[in-house]
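Comments concern the structure below.
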């Protein structure tokens, strides 16, 4: 992901997460940390249209899935799996041994994706997502050397 992708990413971000979307400034801040501690990518269809995006923070042996978003009409096509696989590979490349994430307690589809990839629930953050007040489930998995 580059700054040139931000208009399309922000459009999708606001559709997917209307109550707690990241601001453009937040995403610009994340991109400014590439490649030092961040790794952001986009998924496009054959025409070049954005269909998804994802981001990783990796510091001192731990990684955190910052975000994954996929166009709703493209869910179930393996885009989220491909993005998560790419983040796992990057986390392994950066020497992370553990990978964490927070997922909305009301997002069962995302929870199932993470569970399929070996993430386990390790905690709950009450009222994490604002302003909606939805809880976040904290998940973690080990990162193998090959992702």
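The values are calculated or read from the model by the stated rules, or taken from the named source; none is laboratory data. In this text the structure is predicted, and so the values were computed from the model without any measurement. Neighbour counts are summed over all protein chains in view; Cβ atoms, including those assigned to glycine, are modelled from backbone coordinates with ideal geometry.
Kindly list the number of the only condition in (1) surrounded by 15 or more Cβ atoms within 10 Å (Cβ to Cβ); (2) in contact with a helix residue (DSSP H, G or I) (Cβ under 8 Å, 6 or more places away or on another chain); (3) closer than 29 Å to residue 97 by Cα that fails for residue 2.
(1)
For the condition closer than 23 Å to residue 142 by Cβ and out of contact with any helix residue (DSSP H, G or I) (no Cβ under 9 Å at 6 or more places or on another chain), what is the one hit in 77, 102?
102
Within the set of pairs 6 or more residues apart or between chains, which connect a residue that is at negative phi and loosely packed, with under 13 Cβ neighbours inside 10 Å inside the range 16-28 to a residue that is modelled with pLDDT under 95 and part of a loop (DSSP other than H, G, I, E, B) with Cβ atoms less than 9 Å apart?
If the second residue must be modelled with pLDDT under 95 and part of a loop (DSSP other than H, G, I, E, B), the pairs left are 19/130; 19/131; 19/132.
Output the qualifying pairs, or none if there are none: Cβ atoms under 7 angstrom, residues six or more apart or on different chains, first residue in the range 119-131 and within 19 Å of residue 143 (Cα to Cα), second residue modelled with pLDDT under 90 and surrounded by 12 or more Cβ atoms within 10 Å (Cβ to Cβ).
Note: no pairs meet the criteria.
Any idea which of (1) closer than 16 Å to residue 67 by Cα; (2) over 13 Å from the mean Cα position of the chain (by Cα); (3) part of a strand (DSSP E or B) is the one residue 121 doesn't satisfy?
Evaluating residue 121 over (1) closer than 16 Å to residue 67 by Cα; (2) over 13 Å from the mean Cα position of the chain (by Cα); (3) part of a strand (DSSP E or B) leaves (1) as the failure.
Residues that are in a helix (DSSP H, G or I), surrounded by fewer than 15 Cβ atoms within 10 Å (Cβ to Cβ) and modelled with pLDDT of 95 or more: does the range 32-39 have at least one?
yes
Checking the condition closer than 17 Å to residue 102 by Cβ, touching a residue at least 60 places away in the same chain (Cβ under 8 Å) and buried (at least 19 other Cβ atoms within 10 Å of the Cβ), which residue from 63, 55 passes?
63
Any idea how many residues of the range 2-31 are part of a loop (DSSP other than H, G, I, E, B) and either in contact with a strand residue (DSSP E or B) (Cβ under 6 Å, 6 or more places away or on another chain) or closer than 25 Å to residue 130 by Cα (or both)?
7
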